[in-house]
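Notes to accompany the following structure.
The values are calculated or read from the model by the stated rules, or taken from the named source; none is laboratory data. These numbers come from a predicted model, not from an experiment. Note that we place each Cβ from the backbone using ideal geometry, even for glycine, and neighbour counts take in every protein chain shown. When the accessible area is computed, the model is the full protein with side chains, heavy atoms only, and any ligands, DNA or RNA have been set aside. Shrake-Rupley method; radii C 1.70, N 1.55, O 1.52, S 1.80 Å.
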Amino acid sequence: MRGGTSRGPFFLADDLPEDIALRDELLLDVMGSPHELQINGIGGGSTLTSKVAIISRSALPDCDVDYLFAQVSVMKRTVDTRPNCGNMLAAVGPYAIEQGLVPVQGKETIVRIRNINTGTRVEAIIQTPNGAVSYEGDTRIDGVPGTGAPIVLCFEQAEGSLTGKLFPTGQRTDWIDGVAVSCVDVAMPVMVVHAEDLGKTGRESAAELDQDKAFLARLESLRLQAGRLMGMGDVSQSVVPKPVVVSAAEGGTIRSRYFTPHSCHKAHAVTGAIAVASSAMLPGTVSHSLMQTNVESENAVINVAHPSGQIAVSLEVRDAINNPKVVRAGVVRTARRIMKGSVCVPAPASIVA
């Protein structure tokens with residue numbers, strides 16, 4: 001399924017091995033990693049198309065389904081379940097309805113999702129006219145051709161998604177190797193740095209940034225140090241925290257180049273956009289200092305510009321100056337079911353998707 005600007009296979013948890021090591025080996029074989037083209041599997045040779053969603057009924061009374069996200073490395077034989085993915089999350093509701101995990105409720109169906117990776121909960125509003133999921137509509141999101149039915153994602157309890165703290169280092173701005181960075185954890189732990197401090201304008205394309213190996217090496221050095229400051233230890237084998245390079249833009253917009261973490265996202269992660277937008281509303285951060293409009297109110301829409309366009313994030317933030325609390329975040333995405341069937345993996349395992 002495609003969810004937002006990402007794509008990958010969706011599995012019912014019962015169809016995968018319970019043993020985590022065996023499950024991860026199977027997922028690597030399914031995707032064809034490690035190989036730059038993932039030629040021996042169904043991955044697309046990009047971090048955006050090497051993602052897996054694992055879905056099950058939730059045991060919690062206030063949630064319908066549990067969603068475990070797995071980032072399968074393209075070039076390494078590793079699977080990371082520490083981060084969340086808000087783009088793939090957009091397809092969880094439609095998948096759950098079509099698999100019979102959640103009944104249709106009317107013209108719209110609310111699916112209550114618990115993200116296992118971070119413990120956060122999300123309500124997804126899915127278009128279900130005529131008793132079935134509809135993927136057709138007029139909603140357009142940057143980074144995806146055509147239009148589709150709107151899927152509204154409302155994030156609650158997103159603050160401190162992995163570290164348990166809005167500012168994991170205890171500071172709104174830290175200095176690493178003489179560079180100002182803001183470490184923020186809302187929906188996704190990120191390290192935010194001003195583009196000019198790394199010799200960039202922030203307007204570069206993803207391809208231009210990926211070609212600058214010295215820049216990537218410096219960004220990774222900052223990320224590794226930020227990971228330790230955030231209490232996450234050695235993050236050299238993890239995709240979190242995500243490094244984000246920001247710059248000033250017009251109006252209620254901040255320009256962002258989001259890394260996954262070793263290459264620049266051609267669009268933007270939803271969870272990352274929520275983190276960047278949240279930091280823009282919090283005085284004292286690198287992002288906030290670049291905003292050209294007043295965002296001191298408790299409710300605001302922050303447009304996060306990315307290489308393929310922009311993503312709008314609706315936020316409710318309380319007491320941003322003294323005791324900040326990110327209460328709620330909302331985004332609109334689209335999704336599509338691409339195929340359904342079986343995927344074959346090397347012996348001894350084969351599974352039904």
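Ranked from largest, the principal axis spans of the Cα set of the range 188-299 equal 39, 31, 23 Å.
To put it simply, the accessible area of the range 186-286 at a 1.4 Å probe is 51 percent carbon and sulfur. For the range 232-248, the Karplus equation 6.51 cos²θ - 1.76 cosθ + 1.60, evaluated at θ = phi - 60°, returns couplings of 9, x, 7, 9, 5, 9, 10, 8, 10, x, 8, x, 10, 9, 10, 8, 6 Hz by residue, with Gly and Pro reported as x.
Of Asp212, Asp319, Asp66, the order by accessible heavy-atom surface (1.4 Å probe, DNA, RNA and ligands excluded), from most exposed downward, is Asp319, Asp212, Asp66. Dividing the summed helix terms, -39500 (n - 2.57) for each DSSP H run of n ≥ 4, by the number of residues in the chain produces a 222 nm estimate of -4500 deg cm²/dmol to the nearest 500.
Between the range 273-340 and the range 1-69, the C-alpha centres lie 27 angstrom from each other.
Across the range 92-102, coupling constants 3J(HN,Hα) worked out from phi with the 6.51/-1.76/1.60 Karplus curve, θ = phi - 60°, read 5, x, x, 4, 4, 5, 5, 8, x, 7, 9 Hz, and Gly and Pro carry x. The residues of the range 139-204 present an accessible area of 39 Å² per residue when probed at 1.4 Å with all protein chains retained.
Here the range 119-249 is treated as a Stokes sphere of Kirkwood radius computed over C-alpha pairs; at 4 °C and 1.567 mPa s its diffusion coefficient rounds to 76 µm²/s. Loop-resident trypsin sites (Lys or Arg not before Pro) (DSSP state other than H, G, I, E or B) in the range 162-252 with no more than 11 further Cβ atoms inside 10 Å of their Cβ are absent.
Over all orientations, the range 1-136 has a Cα convex hull whose mean projected area works out to 8.0 square nanometres.
Expressed as a whole percent, the accessible surface of the range 120-168 that belongs to carbon and sulfur atoms is 44, based on a 1.4 Å probe. Computed with a 1.4 Å probe over protein heavy atoms only, the accessible surface of the range 207-249 comes to 40 Å² per residue.
Kirkwood radius, the chain, all distinct C-alpha pairs, inverse of mean reciprocal distance: 20.3 Å.
Protection proxy ranking for 238-247, 82-91, using the average of other Cβ atoms within 10 Å per residue and placing the highest first: 82-91, 238-247.
For Lys76, the lysines whose Cα falls under 25 Å of its own Cα, not counting residues fewer than eight places away in the same chain, are Lys51, Lys213, Lys242, Lys266. Counting only protein heavy atoms, what percent of the accessible surface of the range 1-72 is carbon or sulfur at a 1.4 Å probe? With neighbouring chains kept in place, the figure for the range 1-72 is 52 percent.
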